[in-house]
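The values are calculated or read from the model by the stated rules, or taken from the named source; none is laboratory data. Nothing here was measured: the structure is a model prediction, and the numbers come from that model. Positions of Cβ are backbone-derived with ideal geometry, glycine not excepted, and every protein chain shown enters the neighbour counts. Areas reflect the complete protein model, heavy atoms only, side chains present, ligands, DNA and RNA absent. Shrake-Rupley method; radii C 1.70, N 1.55, O 1.52, S 1.80 Å.
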Amino acid sequence: MKHAALGILVMATLAVVAAAAGEDIDGWHEAKWGMTPEQVQKVLNYPVSAADLAKVCREPCNEAEALELDDYDLNGQHFTVRFWFGKSDSRLEGVSMHAKQLDHTDGKEALMKIKNFLVTSYGAPGSVGMDRGHFVFLWTLPSTKITLYSDAASEIMILYEQRREKENGKP
């Protein structure tokens, strides 16, 4: 009887996980696409501050503004998270996550751990490829495009982007 109950519990858990994988998301956690910086600060349970774009961008970032969450733990890996807002309307359009403290000894292991976490969360990536020495994994959901970039040595970045109307199949 215990084995049957355990089997039912395991199957129910797997069904919930399978149903959750690949579900649409419309932002990052409580921060939803189209929110203003003030709204994002209000809904997040983490302290954020204005990002110093002079340090972030390799060239002038006059067309955007950003908030920054200095330390976010995702599955044991620490990230700096930036919330990107369009300069014309100050609405949330993207979220970038940059891994902290990676070195050549654990880069591949960290990449696989993060990739597996994303697969569990969103299903199998729609495409996998290489771009200038970086592995690129792409998940395309109805409202959000998620891209995992890594050189499998010292760099991991996850980018959440709001999909545009044309991509969503809307006129």
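General observations
- Surface accessible to a 1.4 Å probe, per residue, for the residues of the range 26-103, Å²: 56
- For Asp73 and Arg132, a Förster radius of 35 Å and the Cβ-Cβ distance give a FRET efficiency of 0.75, rounded to the nearest 0.05.
- Set of aspartates and glutamates with alpha-carbon distance to Lys115 below 19 Å, sequence-local pairs under 8 removed: Glu23, Asp24, Asp73, Asp103, Asp106, Asp131, Asp151, Glu155, Glu161
- Sum of side-chain charges, Tyr46 neighbourhood, beta-carbon under 13 Å (Lys, Arg +1; Asp, Glu -1): -3
- Given their separation in residues at 0.36 nm each and the Cα-Cα distance between them, Thr120 and Arg164 gain 13.3 nm when the chain is fully extended.
- Approximate spin-label separation Gln101-Lys55, in nm, with each point projected 7 Å along Cα-to-Cβ: 1.7
- Backbone amide hydrogens, once placed in the peptide plane, bring Gln77 within less than 5 Å of nothing, excluding anything fewer than 5 places away on its chain.
- Across q = 0.14, 0.17, 0.19 Å⁻¹, the range 70-171 modelled as identical point scatterers on its alpha-carbon atoms has Debye log10 I(q)/I(0) values of -0.57, -0.81, -0.98, in the order of the q list.
- Reciprocal mean inverse distance between Cα atoms of the range 38-112 - Kirkwood radius, Å: 13.6
- The range 98-139 - Rg (one decimal) and Dmax (whole number), Cα, Å: 11.1, 29
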